[in-house]
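Where a number appears in this text, it was derived from the coordinates with a stated rule and is not lab data. Here the structure is a predicted model, which means the values were calculated and not measured. When we count neighbours, we look across all protein chains shown, and the Cβ atoms used for this are built from the backbone with ideal geometry, even at glycine.
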Amino acid sequence: MSTLLLKNGRVIDPSQNLDRIGDVWLAGGKIVGPQSRADRTLDCTGLIVSPGLIDMHVHLREPGREEDETIATGTQAAVNGGVTSVACMPNTEPSIDSQAAAEFVIQQAKRAGHCNVFPVGAVTKGRNQLELAEMGGLVKGGAVAFTDDGSPVESAEMMRRALEYARMFDRAVLVHAEISELTKGWVMAEGAVSTRLGLRGMPAVAEEIMIYRDIALAELTGGKVHILHVSSAGAVDLIRQGRAKGIRVSGEACPHHFTLTDECLRTFDSNYKMAPPLRTQRDVDAIIAGLKDGTLSVLATDHAPHAPEKKAREFDQCPNGIIGLETFLPICATHLIRPGHLTWPEMIRKMTINPAEVLGIDRGTLQLGRIADVTVIDPDAEWTIDIAKFKTKSRNSPYHGWKVTGKAVATIVDGELKKCEIG
Ligand SMILES: [Zn+2]
Ligand SMILES: [Zn+2]
């Protein structure tokens, strides 16, 4: 059994409230106590040793849209960004709505051999909104949660039943909150900027009404809801109130929603077009406040690769979303830690044990005996984001050329060193 020693790093493990200088030993794919000798030693002086980062909101596109991303390229991008586990969304073609479909994803991920992939199953069969997917079969196949992300679950009755079923398996339903009747033909957030640009807007209430509905349904059913990509100040307030009442609701923030605003749309660059849309500075401030006070307990990317020719279409015709796996850590570190909004332990918590708890997966910790997924971070590395160097198949990022501080310099999955830029 070969042993790996991560020597003299700042070990931050929020699952144990741990933040101290020390060593971490890995052997046999597990975190272990001190050994007599190390087969390999990485000098982590000046570096942070963290549980492997988890991105619980990723679109891997396979099967069906391999021109945008595959399970192999997406997980390679994850490793490059310091992410050891991803949860992938079921809006593939066909969608992940059966045991066999979930098993396929896990099989492909194993074959690729980069990072862990936890499939999320569809709420409705074929995401067609007509009948519930085979939720029991999905759980058997390895699905860790349910969502129709990409689209909302339009029917409140369907959502209620999904929450009742998911509760039987102690699984969360992940909510893409959007009342479609209010968002027809939208290209950006509704507000002063959309009016000036003469573009059709999506009002924030389209998101907030559904969040209100789903928190109420979580209260009714005792089910667990997780609000994906929270983008508005009102949405943050609703989640804060729900949590104060003891309802099982959690919320996530994506980097673009706290680093960019609707003003960016003046460029008509399609890399600023996403769902939900970029909003105002007031919304950005509310999301940061929600991250600070714990209302938003998860950071995730909504990594949404689209081949260049698709993003190059007319603004109202091009698809929504941006890639995120390889900018996740540096953008969050630069825009949450440097300005003093969060400390490293607070931020790492939202990228490790908190998403692990939402999904109920055995990851996100450096406790002895647990699976050896580890990310080593250089908190002081200053570099410039260059999308040409990305491992993802797509290039739709608004962060090209951004100067950032903080970088994943080693990624260890199941005890295996998948990326290493140390020494
Ligand atoms: Zn979504
Ligand atoms: Zn998504």
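Quick notes on this one:
- Between Glu309 and Gln16, the FRET efficiency from the beta-carbon distance, with R0 = 35 Å, is close to 0.15.
- Taking Cα atoms only, the orientation of helix 99-112 departs from the longest principal axis of the chain by about 40 degrees.
- Secondary structure note: in the chain, about 50% of the DSSP beta bridges are antiparallel.
- Distant alpha-carbon pairs in the chain (separation over 40 angstrom), percent: 11
- Estimated inter-spin distance, Asp23 and Ala156, nm [label 7 Å along Cα→Cβ]: 6.0
- FRET E, pair Leu197, Ala244, Förster distance 41 Å, beta-carbon r, rounded to 0.05: 0.60
- Cβ-based charge dipole, region 165-317, positive-most Cα from Val230, Gly201, Ile215: Ile215
- Counting only residues at least eight positions apart within a chain, or on another chain, the aspartates and glutamates with an alpha carbon under 13 Å from that of Lys311 are Glu67, Asp68, Asp269.
- Here the peptides 406-417, 160-171 are ranked by packing, the mean other Cβ count within 10 Å, and the order with the highest first is 406-417, 160-171.
- When region 1-146 is reduced to its Cα atoms, the Kirkwood hydrodynamic radius in Å: 17.0
- Remark: for residue pairs Lys30/Lys350; Lys184/Lys389; Lys7/Lys391; Lys245/Lys350; Lys125/Lys292, the C-alpha separation exceeds 31 Å in Lys184/Lys389; Lys125/Lys292.
- Protection proxy ranking of 230-238, 306-314, 62-70, 344-352 - average other beta-carbon atoms within 10 Å, highest first: 230-238, 344-352, 62-70, 306-314
- Region 163-292: C-alpha gyration tensor shape, a/c 1.5 cut-off, then a/b vs b/c: prolate
- Taking the longest Cα principal axis of the chain as reference, the axis of helix 156-168 is set at about 20 degrees.
- The angle separating the long axis of helix 281-292 from the principal Cα axis of greatest extent in the chain is about 40 degrees.
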